[in-house]
Amino acid sequence: MISLTDFPITKKWPAQFPDRIQLYSLPTPNGIKVSAMLEETGLSYEAHKVDFGTSDQLTPEFLSLNPNNKIPAILDPNGPGGAPLPLWESGAILIYLAEKTAKFIPADAAGKYEAIQWVMWQMGSLGPMSGQVGFFNKFAGKDYEDRRPFERYRDEVKRLLGVLDQRLEGRDFIMGDDYTIADITSWPWIRNLNGFYEAGEHVELESRKNVMRWAETCMARPASQAAINIRPSG
């Protein structure tokens, strides 16, 4: 029988509670997604800090779990068939946790895939484009004299916000009345645009009234607040 101690990552981040899901993360938008889902579902988990300042994500131990050297990643001691399951990519983790608990994902097949569609939209569009806006607005890219790269990503995020705003017209949440992984995957990025990236004005976020109303509702949830404020050990 495979145990958590058979995974090299537990040598660097020992599990104090080996019967719990092990989360390797930081409170970034992608990290918050998974923390929020764990909080919402009530699954027991143990959070470990992957410190970018010391390049934890590049250590052999972390790479043994996620060769793509990105957070978040999890190690579930009670995966399918009772065997431990290592998993990375925040979208994949959300879908896995939703199916594991039968929570925050529609029960009918059509609704399920519609929700997953919006998870993929965030993973492939809203997240990467917002990250580029952050780079060119706040980090090293802000010093580039040529502003065309920033303008390209800014305009794409504005378009994506329009897509989301239209979807939310007349709906409480992306899937309608129910809060799902479609919401959990996206609101942390809206929060980041308006906060850490200091780009809300550039992408005209305030003008997207449906997005703003929805994001405030999502962030006010107790599980969301817990995820935002989590401080992983390690």
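The values are calculated or read from the model by the stated rules, or taken from the named source; none is laboratory data. Keep in mind it's a predicted model, so treat the numbers as computed, not measured. Methodologically, a virtual Cβ is constructed for each residue, glycine included, from the backbone with ideal geometry; neighbour enumeration extends over all protein chains shown. Areas reflect the complete protein model, heavy atoms only, side chains present, ligands, DNA and RNA absent. Shrake-Rupley method; radii C 1.70, N 1.55, O 1.52, S 1.80 Å.
Return the label of the correct value of semi-axes √(5λ) of the Cα gyration tensor in Å, as calculated from the structure shown, out of (1) 30, 23, 14; (2) 26, 24, 17; (3) 43, 19, 16.
Read-out from the structure maps to (1).
How much accessible area per residue does the chain have, in Å², with a 1.4 Å probe? Please report the intermediate quantities before stating the final value.
Numbers: 11080 Å² over 234 residues.
For the chain, the solvent-accessible area averages 47 Å² per residue.
How much length, in nm to one decimal, is gained on full extension between Lys11 and Lys100, taken as 0.36 nm per residue of separation minus their Cα-Cα distance?
Computed gain between Lys11 and Lys100 is 29.4 nm.
At 7 Å along the Cα-to-beta-carbon direction for both Ser125 and Glu201, put a label point, then send me their distance in nm to one decimal.
It is 2.8 nm.
Leaving ligands, DNA and RNA out of it, report the carbon-plus-sulfur percent of the accessible area of the stretch 84-226 at a 1.4 Å probe. Display every interim value, and only then the final one.
Working: 3490 of 6910 Å².
Exposed carbon and sulfur together represent 50 percent of the surface.
How much length would be gained if the chain were fully extended between Asn69 and Ser44, taking 0.36 nm per residue of separation minus their Cα-Cα distance, in nm to one decimal? If you can, show how the numbers build up before the last one.
Values: separation 25, 0.36 × 25 = 9.00 nm, distance 2.45 nm.
Separation in residues times 0.36 nm, less the Cα-Cα distance, equals 6.5 nm.
Can you work out the Karplus-derived ³J(HN,Hα) for every residue in the stretch 198-215? Use 6.51 cos²θ - 1.76 cosθ + 1.60 with θ = phi - 60°, whole Hz, and x for glycine or proline.
6, 10, x, 5, 4, 9, 6, 5, 4, 6, 8, 4, 5, 5, 5, 4, 5, 4
Whole-Hz Karplus ³J(HN,Hα) for the stretch 13-23, in order, using 6.51 cos²θ - 1.76 cosθ + 1.60 and θ = phi - 60°, x for Gly and Pro?
Going residue by residue, I get 10, x, 8, 6, 10, x, 8, 9, 4, 9, 10 Hz, with x marking Gly and Pro.
Ratio of alpha-carbon Rg to the 2.2 N^0.38 Å globular estimate for the stretch 142-234, to two decimals, please. Each step should come with its number before you reach the end.
Details: Rg = 14.8 Å, N = 93, 2.2 N^0.38 = 12.3 Å.
Compactness ratio reported: 1.20.
Using 7 Å Cα-to-Cβ label points, what is the Arg148/Asp19 separation (nm, one decimal)?
Reported label-point gap for Arg148 and Asp19 is 6.1 nm.
So for the pair Ile228, Lys138, with labels modelled 7 Å out along Cα→Cβ, what separation do we get in nm?
The answer from the label model is 1.4 nm.
How much net charge surrounds Leu4 when only other residues with a Cβ under 14 Å from its Cβ are counted (Lys, Arg +1; Asp, Glu -1)?
Numbers: positive: Lys11, Lys12, Arg20; negative: Asp6, Asp19, Glu46, Glu61, Asp76.
In short, -2.
Net charge around Glu61, counting only other residues with Cβ within less than 11 Å of its Cβ (Lys, Arg = +1; Asp, Glu = -1)? Before the final figure, lay out the partial values.
Working: positive: Lys11, Lys12; negative: Asp56.
Once all neighbours under 11 Å are counted, the net charge is +1.
Taking the stretch 24-138, how many lysine pairs are there with alpha carbons less than 28 Å apart, if each pair must be eight or more places apart or span two chains?
Close lysine pairs under the 28 Å cut-off: 16.
Would you mind checking the tilt of helix 148-168 against the longest principal axis of the Cα atoms of the chain, expressed as 0 to 90 degrees and rounded to 10?
Helix 148-168 sits at roughly 80 degrees to that axis.
If you fit an axis through the alpha-carbon atoms of helix 109-121 and take the longest principal axis of the Cα set of the chain, what angle between them do you get, 0 to 90°, nearest 10?
Result, in degrees: 70.
So who's got an amide H within less than 5 Å of the one on Glu46, skipping anything under 5 residues away but keeping other chains? H placed 1.01 Å off N, in plane.
Hits under the 5 Å cutoff: Ile21, Gln22, Leu23.
Sort out for me the Cα centre separation of the stretch 50-69 from the stretch 192-234, rounded to whole Å.
26
Heads up, I need the accessible area for Leu23: 1.4 angstrom probe, whole protein in place, Å², nearest 10.
Its accessible surface works out to 0 Å², give or take rounding.
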